[in-house]
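J.: Pasting a structure below so you can have a look.
Bear in mind these aren't lab numbers, they're just calculated from the coordinates by the rules spelled out. Computed from a prediction, not measured in an experiment: that's the story for all the values here. Here the Cβ positions follow ideal geometry from the backbone for every residue, glycine too, while neighbour counts run over all protein chains shown.
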Ligand code: 4AD
Ligand code: MG
């Protein structure tokens, strides 16, 4: 059958023609002799209206169909210049494909996002989630297109890994052990040498280290895959399973890295605005008023750049506004990040050159020996959306840093090799995909931009 999207995009071609569509009933109203059905066929954000009357032999059956029943409709597509929708189908035949139960939980009234989270398997049928997950799909495509058009090689980094890329320890362990038969060492610890991989392994927190290996072969690469963090942060911006995009570029420094990040983010936003206008209109009207205008400003103006030290100077002056006072050497909290982007600059802000002690081991140490060539991109409404850095390419400095941080040099043998065999200046960053979707749609909870969210105490689906 014909897809609704086709009808909306090539209306002229189908007006006054016989068409057949198939889809699910979103709403149904009827009187004695005729009725209206809004059908969604999944191909498009919008519905199509079907008009039927008692010339249909199954008029009574159709009139009583519960919402969400699936039907096949034959009829004529007619222009309706005076109505809200541009056209409708005058049905000549309606077949019932699958009857829905009258207990279908998504009735016409608007449901809260909290409620819809409890029916994650049905929520993609609602308008809001239809829009969110179409945008998510398009944004993923835009990201691939952005990098592929620029010659970046897409690298599939491992999900199961023996290294801790961030050195932060928030990892989910991978083991085949069945708990009753766990091999133990003499001290009663789990004996990973007897486990499947013969060593302790985890779900990856980032593909960066492996990405670096490929950047030093292909020059410009990106990863785009799931990452896992066992952070016990029950916030609207943290998930235990989230997707990350991590480009890595060789012969490049922090400035090149920030340019790439800004170009990429603007590209994705533009792409989604151009290719999902109906969905964006929906978010602008029902989720976040003024969203489109704000996004247009973002793609048409330059991001701000300040150093961490400058940010601290600004924030310290208004410390009375914060739950956690700012002080040089402490990491910025979401409240500080949001103050910078929402109150001070009112646009995306790169904060650079953080103290080395609050950042990962692989970041390049600056000449001051106190800060590293790091950048976080902060955006209004969310805070950190991107984290990146120039990488430490000097073998001796990197080795010293790994030791200084109490990490095991042997665990990083292959990573250190990359500095031995023609190391170059290189840099990269990670974009949190869900945070990017939140930013583009105005959705305010990460649980509402990933189909089946995994967060603390929640993995029902
Ligand atoms: O700042 P992060 O931890 O940086 C890295 O992992 C680096 N290896 C990236 C790189 O340089 N290649 O994470 C990057 C981004 C964050 O800015 C945030 O947007 C997102 O990943 N992120 C999360 N998103 C959702 N839930 C979580 N628990 C997240 N943790 C990080
Ligand atoms: Mg970060």
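J.: For helix 208-218, report the angle its Cα long axis makes with the longest principal axis of the Cα atoms of the chain; keep it between 0 and 90° and round to the nearest 10°.
T.: Helix 208-218 sits roughly 90 degrees off the main axis of the chain.
J.: Take the Cα atoms of segment 240-322, find their three principal axes, and give me the spread along each one in whole Å, biggest first.
T.: For segment 240-322, the Cα spread along each principal axis is 43, 42, 33 Å.
J.: Which of 266, 90, 109 comes first, and how do the rest follow, when ranked by fewest Cβ neighbours within 10 Å? The partial results should precede the final answer.
T.: Details: 266 19, 90 13, 109 5.
Fewest-to-most Cβ neighbours within 10 Å comes out as 109, 90, 266.
J.: Further question: If you wrap a convex hull around the C-alpha atoms of segment 328-461 and split its volume per residue, what is the figure in Å³?
T.: Residue-normalised Cα hull volume stands at 164 Å³.
J.: What is the percent of Cα-Cα separations in segment 85-236 that go past 26 Å?
T.: The answer is 58 percent, as a whole percent.
J.: Give me the percent of DSSP beta bridges within the chain that run antiparallel, rounded to the nearest 5.
T.: Values: 67 of 76 bridges.
In the chain, approximately 90 percent of DSSP beta bridges are antiparallel ones.
J.: When the convex hull of the Cα atoms of segment 364-415 is projected onto a plane and the area is averaged over all directions, what value comes out in nm²? Let's see the in-between values first.
T.: On the way: hull surface 19.1 nm².
The orientation-averaged projected area of the Cα hull of segment 364-415 comes to 4.8 nm².
J.: Please state the equivalent ellipsoid semi-axes for segment 265-307: what are the square roots of 5 times the Cα gyration tensor eigenvalues, largest first, in whole Å? Spell out each step's value before the answer.
T.: Numbers: eigenvalues 94, 32, 10 Å².
Semi-axes from the Cα gyration tensor: 22, 13, 7 Å.
J.: Still on this model: Over the alpha-carbon set of segment 18-151, work out the extent along each principal axis and list the three values in angstrom, largest first.
T.: Its Cα atoms span 59, 35, 28 Å along the three principal axes.
J.: Evaluate E = 1/(1 + (r/R0)^6) for residue 278 and residue 367, where r is the Cβ-Cβ distance and R0 equals 45 Å; express this FRET efficiency to the nearest 0.05.
T.: Working: r = 52 Å, r/R0 = 1.15.
Calculated transfer efficiency: 0.30.
J.: Something else: With no solvent and one point on each alpha carbon, what is the Debye value of log10 I(q)/I(0) for segment 271-359 at q = 0.15, 0.19, 0.21, 0.24 Å⁻¹?
T.: Treating every Cα as an identical point scatterer, log10 I(q)/I(0) equals -0.69, -0.88, -0.96, -1.12.
J.: While we're on this one: Just rank 413, 24, fewest to most, by other beta-carbon atoms within 10 angstrom.
T.: 413, 24
J.: Report, in deg cm²/dmol and to the nearest 500, the calculated mean residue ellipticity at 222 nm for the chain, where each DSSP H run with n ≥ 4 adds -39500 (n - 2.57) and the sum is divided by the residue count.
T.: Using -39500 (n - 2.57) per qualifying helix, the result is -8500 deg cm²/dmol.
J.: Additional query: With the convex hull built on the Cα atoms of segment 72-167, state its orientation-averaged projected area in nm².
T.: Computing the convex hull of the Cα atoms and averaging its projections yields 13.1 nm².
J.: How high is the relative contact order of segment 222-303, given as a whole-number percent (alpha carbon pairs under 8 Å, six or more residues apart)?
T.: 22 percent
J.: What is the Rg over Rh value, at two decimals, for segment 137-191, using alpha-carbon atoms and the Kirkwood definition of Rh? Mind dumping the intermediate values first?
T.: Working: Rg = 19.2 Å, Rh = 15.4 Å.
Result for segment 137-191 is an Rg/Rh of 1.24.
J.: Mind checking the log10 I(q)/I(0) for segment 195-234 at q = 0.14, 0.16, 0.19, 0.24 Å⁻¹? Debye, one equal scatterer per Cα, no solvent, two decimals.
T.: -0.48, -0.59, -0.73, -0.87
J.: Return 68, 285 ranked ascending by Cβ neighbour count within 10 Å, so the fewest neighbours appear first.
T.: Listing 68, 285 from fewest to most nearby Cβ atoms yields 285, 68.
J.: Could I ask something else about it? Report, in whole Å, the centroid distance computed from the Cα atoms of segment 135-163 and segment 338-374.
T.: Taking the Cα centre of segment 338-374 as reference, the centre of segment 135-163 is 25 Å away.
J.: Determine one quarter of the surface area of the Cα convex hull of segment 174-279, which equals its mean projected area, and express it in nm² to one decimal.
T.: Its average projected convex-hull area is 11.5 nm².
J.: What is the Cα radius of gyration of segment 322-391 over 2.2 N^0.38 Å, N being its residue count?
T.: Its radius of gyration relative to the 2.2 N^0.38 Å reference: 1.11.
J.: Further, regarding this structure: Between segment 227-268 and segment 379-398, what is the C-alpha centre distance in whole Å?
T.: 9 Å
J.: Let me know the volume per residue of the alpha-carbon convex hull for the chain, in Å³.
T.: Dividing the Cα hull volume of the chain by its residue count gives 190 Å³.
J.: Now a separate question. For segment 348-387, what does the convex hull of the Cα positions come to per residue, in cubic angstrom? Can you show the working numbers first?
T.: Values: hull volume 2.4 nm³, N = 40.
Hull volume over Cα atoms, normalised by residue count, gives 60 Å³.
J.: When the C-alpha atoms of segment 283-332 are aligned to their principal axes, what extent does each axis show, in angstrom, from largest down?
T.: Projected onto the principal axes, the Cα atoms of segment 283-332 cover 40, 25, 17 Å.
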